[in-house]
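Below is one structure, written out as structure tokens; the observations come after it.
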Ligand code: SF4
């Protein structure tokens, strides 16, 4: 799953180099993110389709009523765009408050969403209803404690009756509804969840029978993805909206509830599902805080990995504000190739990305970034690529994962042969790099890296293939 992670914001328009056009209504999403990618990111000059439109959300607004510091509003236009906007001040949208001046996330029935709160917020909310901090802590442990993961008031064994009554009336326990679980032949599970607004996301659980401590849940951070990586199925979807912190946390809680009896307690979380986590950084930071709380889910920060395609300003913020691990989806050794297969590179090129990491990691103690490198036959898998990669990562404390490409319908790339991957690995290892080969998991259930989601009629454009790679895409092994 490692290469799934990373995702970002983008404007997409139809331009001369788009071979596959968005077919009908366009999808647009605007976020508060401090760095809005320009429409040139994907090489399009037209702005027919904007995933980060600066226009205000207009007709047919559907308020999701996420009432913490920010709110998410999805607006569907009958013209040429659907936009998703995060307002800076939820109170302007009439977000409910707790009556004490605080504002908490609420669902469509105006019930407070328990899993959308950090512990301090949950404690504040419980106290605002006249209960004690130790009762808040007990509730927290019942929500996230090993073997409990309470999903309803009925499961809150031992909790004060008045507090349970208050929770029954004012609190919502779940942000997700289970839709389906698919199991691949290697035991990897893909879990499909329906969100409150009817959208569907996917979460993957990767069991390791021999080494249960490695069992991992791969969570999504957005519905779809705006980054349009050319090798990724999720990227075909475009971005619909960010997930709330509760929707992210609940994926890990649900995975434990559903599967820990079969696969053992899940110890690792990777943000490598649908979406670019750092484009949704506020909710991702909140979710990771909740996940590593030592009285709750208690994941080790070293075992929670957020993966990015390379949103440089957000990456800096993440390294400053989080103690969790970072993965960077690299996948190319030249700007020419990366501009094509990962359009984010047109905004933050290899030099900018790697210099930032080099500089920022000087201030982190015993911290290594994980570079993910999906190997694409004839595109980025030459010995020259291996040598360039050695030079690129020099001076950056890191590990490198070489990932085999997972083909999907409509994909134009082919996986590099195992033999060639091993040669590539050996060149890196001989130069002193810490490098691992990662076998694909779950690809017969479309649960592997780069295979999540379900593109609809509206799809992100396939970018023009640089002339020197056109033959490589056509060649057979
Ligand atoms: S398009 Fe796929 S690989 Fe690229 S950032 Fe999005 S989810 Fe990650």
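The values are calculated or read from the model by the stated rules, or taken from the named source; none is laboratory data. Predicted model, so just to flag it, every value in this text is computed and none were measured. Quick reminder, even Gly has a Cβ in these numbers, built from the backbone with ideal geometry, and neighbours come from all protein chains shown.
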**Prompt:** Among (1) within 25 Å of residue 346 (Cβ to Cβ); (2) within 13 Å of the ligand (Cβ to nearest atom), which single condition is residue 284 missing?
**Reply:** (2)
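Based on what the data block shows, is residue 459 under 22 Å from residue 227 (Cα atoms), within 16 Å of the ligand (Cβ to nearest atom) and at pLDDT 80 or above?
It is false that residue 459 is under 22 Å from residue 227 (Cα atoms), within 16 Å of the ligand (Cβ to nearest atom) and at pLDDT 80 or above.
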**Message:** Considering only residues that are without any contact (Cβ under 8 Å) to a residue 60 or more places away in the chain and surrounded by fewer than 20 Cβ atoms within 10 Å (Cβ to Cβ), which ones fall in segment 327-347?
**Reply:** 334, 335
**Item:** Yes/no for residue 278 being buried (at least 21 other Cβ atoms within 10 Å of the Cβ), part of a helix (DSSP H, G or I) and within 11 Å of the ligand (Cβ to nearest atom)
**Value:** yes
**Asked** Within the set of pairs 6 or more residues apart or between chains, which connect a residue that is more than 20 Å from residue 300 (Cβ to Cβ) inside segment 205-225 to a residue that is in a helix (DSSP H, G or I) and modelled with pLDDT under 95 with Cβ atoms less than 6 Å apart?
**Response** 224/237; 225/234; 225/235
**Request:** Looking only at segment 326-341, decide whether some residue is more than 12 Å from the ligand (Cβ to nearest atom) and under 23 Å from residue 117 (Cβ atoms).
**Result:** no
**Prompt:** Within segment 326-349, can you find the residues that are assigned to a helix (DSSP H, G or I) and within 18 Å of residue 473 (Cα to Cα)?
**Reply:** 336, 337, 338, 339, 340, 341
**Prompt:** Across segment 148-165, which residue is farthest from residue 294 (Cα to Cα) among those that are in contact (Cβ under 8 Å) with a residue 24 or more places away in the chain and part of a loop (DSSP other than H, G, I, E, B)?
**Reply:** 160
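Return the residue satisfying two criteria in turn: it lies in segment 385-396 and is outside any loop (DSSP other than H, G, I, E, B) and touching a residue at least 40 places away in the same chain (Cβ under 8 Å), and of such residues it is surrounded by the fewest Cβ atoms within 10 Å (Cβ to Cβ).
The extreme case among them is 387.
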**Prompt:** Hey, among 359, 372, which residue is surrounded by fewer than 16 Cβ atoms within 10 Å (Cβ to Cβ) and either under 20 Å from the mean Cα position of the chain (by Cα) or part of a helix (DSSP H, G or I) (or both)?
**Reply:** 359
**Request:** Could you tell me whether residue 296 is touching a strand residue (DSSP E or B) at 6+ places or on another chain (Cβ under 7 Å) and either part of a loop (DSSP other than H, G, I, E, B) or surrounded by fewer than 23 Cβ atoms within 10 Å (Cβ to Cβ) (or both)?
**Result:** no
**Counted residues, segment 141-173 - those being touching a helix residue (DSSP H, G or I) at 6+ places or on another chain (Cβ under 9 Å), exposed (fewer than 12 other Cβ atoms within 10 Å of the Cβ) and farther than 18 Å from residue 111 by Cα** = 3
